[in-house]
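The structure appears right after this line, and notes come after that.
The values are calculated or read from the model by the stated rules, or taken from the named source; none is laboratory data. Computed from a predicted model, the values in this text were never measured in an experiment. Cβ: placed from backbone, ideal geometry, glycine included. Neighbour counts: every protein chain shown.
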Amino acid sequence: MENEIGINEKKAFWRYMKSAKGGNSNGQNNLGYCYCNGIGTTKDEKKAFSDEKKAFQWYMKSAEGGNHFGQNSLGYCHQHGIITEKDEKKAFQWYMKSAEGGNHLGQDNLGNCYRDGIGTTKDEEKAFKWYMKSAEGGNHLGQNNLGNCYRNGIGTTKDEKTAFQWYMKSAEGGNHEGQYFFGNCYYYGKGTTKDEEKAFKWYLKSAEGENSNGQIDLGNCYFNGIGTEKDEVKAFQWYLKSAEGGNHLGQDNLGNCYYYGKGTTKNEEKAFEWYLKSAEGENSNGQIDLGYCYENGIGTEKDEEKAFQWYMQSAEGGNHLGQNNLGNCYRDGIGTIKDEKKTFKWYMKSAEGGNSNGQNNLGDCYYFGTGTTKDVEKAFQWYLKSAEGGNSNGQIDLGYCYENGIGTEKDEEKAFQWYMKSVEGGNSKGQNNLGNCYRNGIGTEKDEEKAFQSYLKSAEVGNHLGQYNLGDCYYYGKGTTKDEEKAFKWYLKSAEGGNSNGQIDLGYCYENGIGTEKDEEKAFQWYMKSAEGGNHLGQYNLGDCYYYGKGTTKDEEKAFKWYLKSAEGGNNNGQIDLGYCYENGIGTEKDEEKAFQWYMKSAEGGNHSGQYNLGNCYCYGKGTTKDEEKAFKWYLKSAEGGNSNGQIYLGYCYENGIGTEKDEEKALRWYMKSSEG
């Protein structure tokens, strides 16, 4: 049985038919609308084209008969290619006739033509003029567009208060886009006092009226508890409505809900699906999130080349976070060839656009000389911008600059303050650095208990350097009770997380049975990990394992290889042992000159055993010319540094007058020191 609406629509259709055939231009326009939308007439796909032609014919009759509604309808058909070929010039001409005839909807559409250059030359002043006519005539679309003109200074002077007044008229008249912009006025305090509850009220009206932007902002209100109670489920529902309505920002937000499990069950495949829709709709945030999915294999197979392509689209579209991510790709060779110049270029674009990640990364480029000339002062300036923008990594790097006087004057108090800001932003690396400040009294009073607490917080959220330092606190009893088992536990976490110092200390625990059972093979394995990761102390320890056959088969050539790596990396214990290898032909050919050179490096680096060995070289003329005065000099440095062998040989020098005047009292004193050690 036909419902009442169906009966009423048929009656309306026949009434318009009679009116139209009688020459009434309003009836002709309305009959065209009925044919165009299938109102009161059969919706039949076979007849669809025939009915659309009829719709166009009736709009044409109405328009040519001087009906201004019909003229606007005909303009709309020409603008969008409905029933007829798209022709923006004809659209403009019919909107002009409608507008000049006083039709307020036609005036709004004519304003759109002048604003966007549709069928005519772009002219913002004329756009403003026609929006004004439409708005003053009570058209709510025109009132909204006039509000936009005042808000953005289109064809008139920017005036937020007047914009607010016109948005109010549009909103109160039921225009859902006007309600959305009116809500924005209250949310941002534009042209009126900021009022989040009123913002929520108008976003709600707009959203219920199917405005997809209103649905997004209503979702934001529920998500963040703005003007209403926080409700992630409702936020999800409104993002879903917006997304299903084709809003690409809403699709990205919906993807976030699925990715993080906000207001719904976490589902990475659905997150990927919505990010894809958003990205294909050219939303630059969606393109970034889709790139991240491809980069990390989230909800789809990992594909770094596709990740690079989507970051590129976002970056070229002007998204400053996308530009930063594209810089990361060029820096790390993600989906493309490494290119330091392009890295620098995209970080610069991101940074100049105000992205705090890009500013921090650009600071790194200047600090390390990546893709540009090294310039620590510029590095400092970009770290400062990033830090002031609230970026916690930028705050850490700025703190480091102040701590070490890089690109600015050294100021430990400022370093401490910036590390503190980073911690307030939840940065676990900053929490570790704050611990360092308390442990060493950098910019604040030394406080081992606060250092322990800071390291603990950093460690508990997974920072591997914090875990290493926490292990040290338990091992040495700094700021807490000494506990070797807990030290071992945290060294293990740090080591498994890839921290090379943690790997060394874990190896030391296994080597010596500290907090765990002694296991030289595991010690060897962890020293190996640290050494292969480039840690020079780890390389030295690994060399010892091969030299003494600890946890592995004794192998002097491999011992030499790792001592060499350690020594070249500046480790002065490695330099001593490398010198010893050259002196005695261990794992390599004997070469006393090279032995002398490596002992010299170690000694000059402050290693007291190296100073003793260098003294021997001068004393006995090994690898260099015999020089008893220089021998005495280096024995003295070694002895004063607490090396017992150096103290014995210094005593011997004083006893026998080697390189210095004979002095048996001093000889006895240094022999005594050696025996006490």
For the range 489-544 the number of residues that are in contact (Cβ under 8 Å) with a residue 40 or more places away in the chain and β-branched (Val, Ile, Thr) is 0
Could you tell me which residue of the range 150-199 is surrounded by the fewest Cβ atoms within 10 Å (Cβ to Cβ), considering only residues that are of a type in the set (Asp, Glu) and more than 14 Å from ALA135 (Cα to Cα)? GLU197
Filtering the range 56-78 down to residues that are under 52 Å from the mean Cα position of the chain (by Cα) and either part of a loop (DSSP other than H, G, I, E, B) or surrounded by fewer than 22 Cβ atoms within 10 Å (Cβ to Cβ) (or both) yields TYR76
Of the residues that make up the range 349-360, is at least one more than 16 Å from the chain's Cα centre (by Cα) and buried (at least 22 other Cβ atoms within 10 Å of the Cβ)? no
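So, ALA567, is that one surrounded by 21 or more Cβ atoms within 10 Å (Cβ to Cβ), in contact with a Leu (Cβ under 8 Å, 6 or more places away or on another chain) and part of a helix (DSSP H, G or I) or not? Working first, answer last.
Details: surrounded by 21 or more Cβ atoms within 10 Å (Cβ to Cβ): yes; in contact with a Leu (Cβ under 8 Å, 6 or more places away or on another chain): yes; part of a helix (DSSP H, G or I): yes.
It is true that ALA567 is surrounded by 21 or more Cβ atoms within 10 Å (Cβ to Cβ), in contact with a Leu (Cβ under 8 Å, 6 or more places away or on another chain) and part of a helix (DSSP H, G or I).
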GLY471 being surrounded by 24 or more Cβ atoms within 10 Å (Cβ to Cβ), in contact with a Leu (Cβ under 9 Å, 6 or more places away or on another chain) and part of a helix (DSSP H, G or I): yes
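Could you identify the single residue in LYS554, LYS529, LYS550, LYS457 that is under 23 Å from GLN575 (Cβ atoms), touching a helix residue (DSSP H, G or I) at 6+ places or on another chain (Cβ under 8 Å) and part of a helix (DSSP H, G or I)?
Values: LYS554 fails: part of a helix (DSSP H, G or I); LYS550 fails: part of a helix (DSSP H, G or I); LYS457 fails: under 23 Å from GLN575 (Cβ atoms).
Just a single option satisfies the conditions, and that option is LYS529.
Identify, from the list TYR275, TYR294, TYR239, TYR259, the residue that is crowded, with 24+ Cβ neighbours inside 10 Å and under 18 Å from PHE223 (Cα atoms). Even if it seems obvious, please write down each step before you answer.
On the way: TYR275 fails: under 18 Å from PHE223 (Cα atoms); TYR294 fails: under 18 Å from PHE223 (Cα atoms); TYR259 fails: crowded, with 24+ Cβ neighbours inside 10 Å.
Sole residue among the options that is crowded, with 24+ Cβ neighbours inside 10 Å and under 18 Å from PHE223 (Cα atoms): TYR239.
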Please state which one of ALA415, ALA351 is assigned to a helix (DSSP H, G or I), under 29 Å from LEU290 (Cβ atoms) and of a type in the set (A, V, I, L, M, F, W, C). ALA351
Can you confirm whether ALA243 is without any contact (Cβ under 8 Å) to a residue 60 or more places away in the chain and more than 24 Å from the chain's Cα centre (by Cα)? yes
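Which one is farthest from LYS341 (Cα to Cα), of the residues in the range 354-385 that are assigned to a loop (DSSP other than H, G, I, E, B) and of a type in the set (S, T, N, Q)? Steps first, answer last, please.
Quick first cut of the range 354-385, residues assigned to a loop (DSSP other than H, G, I, E, B) only: 354-355, 369-375.
Narrowing further to those that are of a type in the set (S, T, N, Q): 355, 370, 372-373.
Working: ASN355: 19, THR370: 7, THR372: 7, THR373: 11 Å.
Going through the qualifying residues, I end up with ASN355.
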Tell me whether the range 489-511 contains one or more residues that are outside any helix (DSSP H, G or I), under 30 Å from LEU614 (Cβ atoms) and not assigned by TED's automatic domain parsing to the domain that holds LEU614. no
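Being touching a residue at least 12 places away in the same chain (Cβ under 8 Å) and surrounded by fewer than 21 Cβ atoms within 10 Å (Cβ to Cβ) is the filter here, so list the residues in the range 134-147 that pass it. Before you say what the answer is, go through the steps one by one.
From the range 134-147, those touching a residue at least 12 places away in the same chain (Cβ under 8 Å) are 134-135, 137-147; that's our starting set.
Passing the criteria: GLY137, GLY138.
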Would you please name the residue that is surrounded by the fewest Cβ atoms within 10 Å (Cβ to Cβ), looking only at residues in the range 361-404 that are closer than 20 Å to ARG331 by Cβ and charged (D, E, K, R)? LYS374
